[in-house]
Structures are given as structure tokens and as C-alpha cells.
Amino acid sequence: MRGMSTPRIRKGTPLLALGALGVVFGDIGTSPLYALRATLQFAGGEQTAEAHVMGALSLMVWAVVIIIGIKYIALLMRADNGGEGGLLALLALAAPDEDETPRRGGGVLLWIALIGAALLYGDGIITPAISVLSSMGGLVPPEAKTQPHWILVASAFIVLGIFVMQRFGSGVLGWLLGPLMLGWFILIAVLGLQQIIKAPAVLEAISPLYAVSLIAASPMTAFLMLGGVVLCVTGGEALYADMGHFGRRAITLAWWIVVCPSLLLAYFGQGAAVLISAEAAGNPFFALAPGAMRVPMVVIATLAAIIASQAIISGVFSMTRQLMQRGLLPALRVVHTSDVEGQIYLPGINLLMAIACILIVLLFGSAESLAAAYGLAVTGVMVLTTILFGVVASRRWKWSWWYLGPLLVVLLSIELTLLGSNILKIPSGGWVPLLVAALVLMIVAVWKKGLYLINRGRLEDGLPLERFIESLDADEVVRCPGTGVFFGRDRGITPVTIRKLQRHVPVLPETIVIVHLHASRVPRVPHQHRLRLKSNEQGVWTAEVRFGYLQKADLPSIMRDAAERGVPADPKVTTFWVRRDQVAIATDHRGMARWRVAIFAYLLRNATVLPDLLDLPPRRTVEIGMRAPL
């Protein structure tokens, strides 16, 4: 199997595995709170017949083994882009030269990745809601027919607290998350084992024959159950996306030694509890704990839910930043919450997610109602990830279709069946992630098209750089001491800021540095490769600046590097000239409907400006406003 990356050897793998428990496995680690309960209820009521319980357990066991253990752990985590994982990293491997211009629809593979990313936003909104509602549901007495209203209010306040804490960053909790989740996994394993001892026959459900028997005897019931089975494999994308933080070895170690055994024991224990007492089907997870332990279990489960929410919210922040750096979303304010790379906070996204999540809690009211909304986002991302993986294995690793084909058939057959089961739940909640994804994709499409039209106008009206340099001598342009840094998009084209400055103030700096920024498809660009300089005539320099999708382009630092390499760029006499676009609706409708232009104008007005993105010194930065008709 050529082309597969080898695992990176890291020191302290057990310690990294402990850290991974707190960050990577929070989502899948809290699935026992609601997965089996939803699976039994999706079958048309709380099915407690032995065939249904054993069949459900068999389906869940093999879903965990095949989708998480084989697909994500054994296969996908070998597909790393410079050590990083996630949908956009997979896209970079699948199509390193994929055309992202709107004229070709942005590239089929690009839009596959974007749809998956858009669904992840829905996942990020639903995960805190369903996790907290499930944990707080343990306070509802087993004999109660309705949930007290105060539980709904308390859940909403806990969700609000989760998003308020984001401003302090995950680094505040640090490595405490790992030991806390380790304690959680040990607890659910021990509680599950106690129930298994009482009904050891439940372990027979590890045989896939029970799943096959259920499908053969009650195909429609089994199909409906799959809508709950998918909940036991949530968080698979988080395993892949967080690979860069902990490494494949550490995540694999944590999965097979701690997480997988604990989850299976918890699920089998819940199944045993239901077989012993049919009343346990109402809330199988809390049926594991004796009555005196119910309140402490609620507290512990709520802490685990908070950790799971932290992981997915951080993932959404990271995904948003990557989309911003690719020019697929408008630039937003990014706050680095610690010196650790990747720990960031996006206030705007955090506020929108908090509002949406609280609304979902109040709208759905219970974890059972919300379970229908959860599965569609998860299965949609799974299918799209498998498609991109197939492209990587074929194009990059050169796998033979003799074994790649059957592998993809098996994975896609399972995942498309899971997706089909969840599509049936669109009216009862599945519309939520679809609505969120549609809004995200609309914003991406409008932003991409708007930028394309603006940049096309720049190119059409652009002055070749060679002609500009020649004019500096022929026109005897007045030059003043100092260095001016201008930003250009297209190589060989003079930045419009230079032309406008020259037109209104016929004086140009003695040294002109034209900077071209390039967001690379790799996560990090080494320091020695991030700057490439070219000296032209008449004191004009061009600087190609490259940065990875996990890096920030700190331009003052880059200009210091340029000065060390011969560019006369004294920070005290260097001025940064930045273009500030203002959208105007053109009378001839140059490619966008008025409503799309209005949305683009709003996004542009609220986007973080270039000086803030590049850490430009305010006293040495001049913005030049320009109207861009669309």
C-alpha cells in the first residue's frame, strides 16, 4: 500500500494518549448517554424484546469496530497532510491542484469538502445541546412521564456557560481534561461490567449474527434502529481532525486500550440492564448506576458533556480559520487563547453558535427529540469523507481498485444505509443540520463569487508591473525616503493601491515592496521557505509570502526577515498601504443578483480588515478606500 504516511515517532506517547482522551474522544465518549436509548426508541417505542436489544447491541458493536476502528483509526489517520487531518487536509491530498475558481464551480472535490465542513457546523451546534440534555435527563425520575421545565432551563444555562468559557480557551483546563475523561471511561466501564455480570448472556451480541437475524426478521425495524446506531460513532471526524495535536500513535493507543473497551462494556452493560428490567429502556445509561449514585452520575456526566462540547466547538473554530485562510469565508477576529498553536477563539462564531444551540435546546426540549437531528450531520460527513479518502487512495497512494473497490463498497454501503435511515427523520429534526449547512454554503458561495468578481475587475484594469517600473524612470516620478509595502493579488500586475496613490499624491516611496500572500495547502510552512524575494529595477521588490493553513501571516516579522536579506526596510520608516473595498451595486448586474450583492456587502463590511489579520502597526498603516461595482 504505497504512499501511506508512516506514524510519527513522538516521545511520551502514553502522556499524549492521556491528553487525547480529553480532547479527541469527548464526543464519542459521551455517546453512551443517549445512543442505546435512541436506538430502541427509534424502532417505534422502547423496544425491550430480547431480539431487539441483542440486535441493537450487535449493530452498535460492529458500527464502532468498522467505522471508528477500521475506517478512521486504521485507514484515515494514515492520510495526513503534513501531520494534520480533517476534511480540508484530506482535500489537499485528494486534489492538490484543484481549481477553486467559481467558473468551474469551485471544483467537485472542493465542494464535497465544503458540504462536509458545512455539516460539521450543524454538528457543532447540536453536540452541546444533546450532550447536556442527556446528562441532565438523569435527574428525571424513572416513573415521571414528562420532563420538569426546570431541567430545560438548567440545560440552557449550562450550554450558555459552555460558550462563555470559550473566551478563556481550552488551555485553561489543560491536561486536566485527560484525567477527567480517563475517570469517565473507567467509571462507565465498571458500571457496565457490573450489569454484564448479572446477565452475561448479553455478550453473545458481539456476534454479527444477531444483527443479521434482526435485519432478516424485522427489516424495517432494523432500518429505523440505524438512526440511533449512528449515534454511537459520533466524533469520528474529531479523531481525524485532531491528529496533528497528538499524533496517530497516541490516538490509536488511547482508542484500543481505553476508549473502545470502555464504550463496549458500557453498551453491553446497558443492554444487560434492559434485559433484566424492561423499565431500564427509558434511560439505559442511568440504569447502570444504583439509586444513591444517580445525582453524582448526573454531575459527572454533565462534566463529560462539557468536555465533549469543548472538543467540537474548538474543531469548528479551527475549521472556520482554515476556510478563512483559503478565502472561502470572510476574515473574522481570531483570538489566540494561549501560546499553544491551534488554541484559538472566534468571538463572532462563538456568539452565533451559542444563540443557535440555546434555541435548539428550547425548541426540542429533550435529548430524544434532538437525536433525530444529530444523526443526519454525522452520517453526511462520514459519506463525504469516505469519497475523498477513495480519491486519495487512488490518486495519491496508487492503490489497486481490486482491493480499494471492495473496501469502498463496504464502507459506503454501511454509511449510505445509515444516512438513509436518518433522512427519514428530516421532518422530526433532521432539517436542523441541513438548514445550518445550507446557510454556510450560501455564505461560502456568495463570498467566493464576490471576491472573484472584484479580483477579475482588478485584473482587467491592471497595469503590468514591467510597464510600471519603466514609467518610474520615464515619468521622473518624485520619490521620497522610506519604504512602502503594498499588497498585490496577481503576479506581474501592479497593485491598484500604488496607482491610486500615484494618481492623487504624485510621490512614491524610495523603496517599494509588493507583497503577494499565499495560503498554502500544508498546515505549516517552514521558516526558511515562507519568504521569497526578487529585486527589480527602480527600487521595486516583490515578496512571495507563504503560510500554512494553521499559521498566521505576521507581516512585521516577515519584513524583518526581508530586511536581513537586503531589503532596505527600516521599521521606523516603513508604511503599509492597504486597499479597503466598498461594494456598490452595478446597474448592469455583473454576475450577482442584488440580494447576493447585498449579502456580500454585509460580509465585507463586517470582515476583519487586513491590518488586523497581519498585525500591521496602526501608526504605520494607511488604508485606501475603493469602490467595487458588482
Checklist entry - Restricting attention to the range 539-552, does a residue exist that is among the acidic types (D, E), modelled with pLDDT of 85 or more, surrounded by fewer than 21 Cβ atoms within 10 Å (Cβ to Cβ) and under 37 Å from the mean Cα position of the chain (by Cα)? => result yes
Checklist entry - Do you know which of the residues in the range 565-608 that are exposed (fewer than 13 other Cβ atoms within 10 Å of the Cβ) and hydrophobic (A, V, I, L, M, F, W, C) is modelled with the lowest pLDDT? => result A584
Next on the checklist: Checking the structure you have, find out if any residue of the range 367-378 is assigned to a helix (DSSP H, G or I) and either surrounded by fewer than 17 Cβ atoms within 10 Å (Cβ to Cβ) or out of contact with any helix residue (DSSP H, G or I) (no Cβ under 7 Å at 6 or more places or on another chain) (or both).
Outcome noted: yes
Checklist outcome for this item: Selection from the range 475-488 of residues of a type outside the set (S, T, Y) and touching a strand residue (DSSP E or B) at 6+ places or on another chain (Cβ under 7 Å) yields V477, V478, R479, C480, P481, G482, G484, V485, F486, F487, G488
Checklist outcome for this item: For the range 259-280, the count of residues that are at pLDDT below 95 and surrounded by fewer than 23 Cβ atoms within 10 Å (Cβ to Cβ) equals 5
Item to check | Subset of the range 356-403 [of a type in the set (V, I, T), in contact with a Phe, Trp or Tyr (Cβ under 9 Å, 6 or more places away or on another chain) and closer than 26 Å to V164 by Cβ] | outcome: I358
Next on the checklist: For the condition among the hydrophobic types (A, V, I, L, M, F, W, C) and in the same structural domain as L120 (by TED's automatic domain parsing), what is the one hit in L407, L441?
Outcome noted: L407
Checklist entry - Tell me, which residue of the range 151-173 that is modelled with pLDDT of 90 or more and not hydrophobic (A, V, I, L, M, F, W, C) is farthest from I307 (Cα to Cα)? => result S155
Checklist entry - From the list R456, R491, R395, which one is under 30 Å from A95 (Cβ atoms), part of a loop (DSSP other than H, G, I, E, B) and either among the basic types (K, R) or in contact with a Gly (Cβ under 8 Å, 6 or more places away or on another chain) (or both)? => result R491
Next on the checklist: Among the residues in the range 300-311, are any more than 25 Å from G227 (Cα to Cα), assigned to a helix (DSSP H, G or I) and either modelled with pLDDT of 85 or more or β-branched (V, I, T) (or both)?
Outcome noted: yes
Checklist entry - Looking at L416, is it in contact with a Gly (Cβ under 9 Å, 6 or more places away or on another chain), at pLDDT 90 or above and in the same structural domain as A38 (by TED's automatic domain parsing)? => result no
Checklist entry - Considering only helices (runs of 4 or more DSSP H) fully contained in the range 512-630, which possess at least 3 residues that are touching a residue at least 40 places away in the same chain (Cβ under 8 Å), out of contact with any Pro (no Cβ under 6 Å at 6 or more places or on another chain) and farther than 30 Å from V478 by Cβ? => result 594-606
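Condition check ((1) at pLDDT 85 or above; (2) outside the structural domain of R249 (by TED's automatic domain parsing); (3) within 19 Å of A273 (Cβ to Cβ); (4) part of a loop (DSSP other than H, G, I, E, B)) across all residues:
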residue: G19; (1), (2), (3), (4): no, no, no, no
residue: I28; (1), (2), (3), (4): yes, no, no, no
residue: L36; (1), (2), (3), (4): yes, no, yes, no
residue: L40; (1), (2), (3), (4): yes, no, yes, no
residue: Q47; (1), (2), (3), (4): no, no, yes, yes
residue: H52; (1), (2), (3), (4): yes, no, yes, no
residue: L59; (1), (2), (3), (4): yes, no, yes, no
residue: K71; (1), (2), (3), (4): yes, no, no, no
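The values are calculated or read from the model by the stated rules, or taken from the named source; none is laboratory data. Because the structure is predicted, anything quoted here is derived from the model rather than measured. We place every Cβ from the backbone using ideal geometry, glycine too, and count neighbours over all the protein chains shown.
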